[in-house]
Amino acid sequence: MRCTQTLSVAAFLAASLATACAGAGSIGVDLCPVGSLSPSDTATSLPATLTNSPVGSTFYLEVWTTDEVIPPLGVASGFLDIAYNSAKVNATALSNGSTYTTLDSGSIDNTAGTILDLGGDALGVGTPGKNDWARLGWIEYTSTTPGSVTFTPEPSTLDVFSRYSAGSVPWTQVDAPTASITVTPTPEPSSFVLLAAGAVGAAAVVFLKRRRNRVSVRGGL
């Protein structure tokens, strides 16, 4: 009896632990600001993120996802919104990439500062996000005003993430931290002029000194 009871308690604890782990984050979503797009829609590790973007420059916000449950099954589909400060950056384009292309969607609302319903289904592509990271899509931004910008993942009106053979995953089980970038001022044109003038002046002084030295040596001879 005691042996049977011990096994039942162990089974109960194991089931409870599995449920807790799944609830803490069944699907992982990471937003990665980058200076240039990653070469592939799958990756074993996330790309190095960009921290600063000068006014007038372009950068990309890549959306990566992975199955965090053990054993992983893969991310079959996913949709989300992304909020940002449109007073600092403007979204100019978006793409679903080449993996989540079935029922793909996504739209830009710079007035509200929101990317709406970005995502799709990976029907027939395999099991992306099972043992790697899969790119759900990306957004192109232009930096407009200096300051810090935070990108916040939010549930879309579709509110659909799903794992292969396991069904849909509610937003409460999606582990999606925010990302940020700092828009920096561009150098003033006058600064470039002053730097150039200073460089030319310094070069002229060095040239004149060398010429005087040569004249002095010749005169001594």
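The values are calculated or read from the model by the stated rules, or taken from the named source; none is laboratory data. Just so we're clear, the structure is a prediction, and the values are computed from it rather than from any experiment. Neighbour counts run over all protein chains shown; Cβ positions are idealised from the backbone, glycine included.
Things to note:
- Matching entry among Thr127, Thr152 (being part of a strand (DSSP E or B) and in contact (Cβ under 8 Å) with a residue 40 or more places away in the chain): Thr152
- Where Val160 falls short, out of the listed (1) modelled with pLDDT under 95; (2) surrounded by fewer than 17 Cβ atoms within 10 Å (Cβ to Cβ): (2)
- Extreme residue, modelled with the lowest pLDDT, among residues of region 114-124 that are in a loop (DSSP other than H, G, I, E, B) and either surrounded by fewer than 18 Cβ atoms within 10 Å (Cβ to Cβ) or touching a Leu at 6+ places or on another chain (Cβ under 8 Å) (or both): Gly124
- The set of residues in region 78-113 that are more than 23 Å from Gly28 (Cβ to Cβ), among the β-branched types (Val, Ile, Thr) and crowded, with 16+ Cβ neighbours inside 10 Å comprises Val89, Ile108.
- Filtered residue count, region 58-72, keeping only those that are surrounded by fewer than 16 Cβ atoms within 10 Å (Cβ to Cβ) and over 14 Å from the mean Cα position of the chain (by Cα): 2
- For region 18-57, the set of residues classified as at pLDDT below 95 and exposed (fewer than 15 other Cβ atoms within 10 Å of the Cβ) consists of Ala18, Thr19, Ala20, Cys21, Gly23, Ala24, listed by residue number.
- Scanning region 157-176 for residues that are more than 30 Å from Val55 (Cβ to Cβ) and part of a loop (DSSP other than H, G, I, E, B) returns Thr157, Leu158, Asp159, Val160, Tyr164, Ser165, Ala166, Pro170.
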